[in-house]
Amino acid sequence: MRYAQGGGLTVERRLLRERIRYEAGERFGRGERTAVIVKGLRVSERSVERWRRAWREGGMTALASAGPSKPLKVSDEQFAVLEKELARGPAVHGWEDQRWTLARIRALIARTFRLDCSSAAVWRLLHRHGWS
């Protein structure tokens, strides 16, 4: 199944979250209380406390986005090739039944692109491209 909007955070969504953290940082500088910030930004108290701690230790730069969690080993062009191979089905690639598993997709990536990925990395890759 594919998700309509894909998985993971888009660049726009990551920047939106960063702007919220920066707004919290400005409010920390004005001395606003945590409860006021929580209500104003509609975020959890725990997040505000974590951001305040980071802000105290590193200033506004500590509130910047760290970017995507991990760089992708498989490029967008390679993923397009992978999708075509997945569409052909597991039987074409030597498996007896018609089920794609993470282990099988991992093996397909290794054979096709000569890349070694963990099962977790394969799951993240699929999720980022809207697969479940």
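Any read-out appearing in this document is the output of simple, stated calculations on the displayed coordinates, not a laboratory observation. This structure is a prediction, so every number in the text was calculated from the model and none was measured. Counting neighbours? That spans all protein chains shown, and the Cβs are built from the backbone with ideal geometry, glycine included.
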Can you give the extra length, in nm with one decimal, that the chain gains between residue 19 and residue 57 once fully stretched, where that is 0.36 nm per residue apart less the Cα-Cα distance? 11.8 nm
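Averaging sequence separations of C-alpha pairs under 8 Å and six or more residues apart, then dividing by the length of the range 11-63, give the relative contact order as a whole percent.
Here the relative contact order equals 39 percent.
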Extension gain, residue 103 back to residue 12 (0.36 nm per residue minus Cα-Cα distance, nm): 29.6 nm
Could you tell me the relative contact order of the chain? Use alpha-carbon pairs under 8 Å, at least six residues apart, and round to a whole percent. 35
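What full-extension length gain, to one decimal in nm, is calculated for residue 76 and residue 113 as 0.36 nm per residue of separation minus the Cα-Cα distance?
Details: separation 37, 0.36 × 37 = 13.32 nm, distance 1.27 nm.
Length gained, residue 76 through residue 113: 12.1 nm.
Return a whole-number percent for the relative contact order of the range 76-128, with Cα pairs under 8 Å and 6 or more residues apart as the contact set.
24
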Percent of C-alpha pairs per 10 Å bin, the range 76-128, short to long: 24, 62, 13
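Exactly which GluC sites (Glu not before Pro) in the range 64-116 are in a DSSP loop and have at most 13 other Cβ atoms within 10 Å? Display every interim value, and only then the final one.
Values: sites: 77, 83, 85, 96; in loops: 96.
Answer in residue order: 96.
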For labels at residue 85 and residue 34 in the simple 7 Å Cα→Cβ model, what's the distance in nm? 4.9
Taking only Cα atoms of the chain, what ratio of Rg to Rh do you get with Rh as the Kirkwood inverse-distance radius? 1.17
Starting at 0 and stepping by 5 Å, how many percent of the alpha carbon pairs of the range 11-63 end up in each bin? 4, 23, 34, 26, 10, 2, 0
With θ set to phi - 60° and the Karplus curve 6.51 cos²θ - 1.76 cosθ + 1.60, what are the ³J(HN,Hα) couplings of the range 38-52 in order, to the nearest whole Hz, using x for Gly and Pro? 4, 5, x, 9, 6, 10, 7, 4, 4, 5, 4, 5, 5, 5, 5
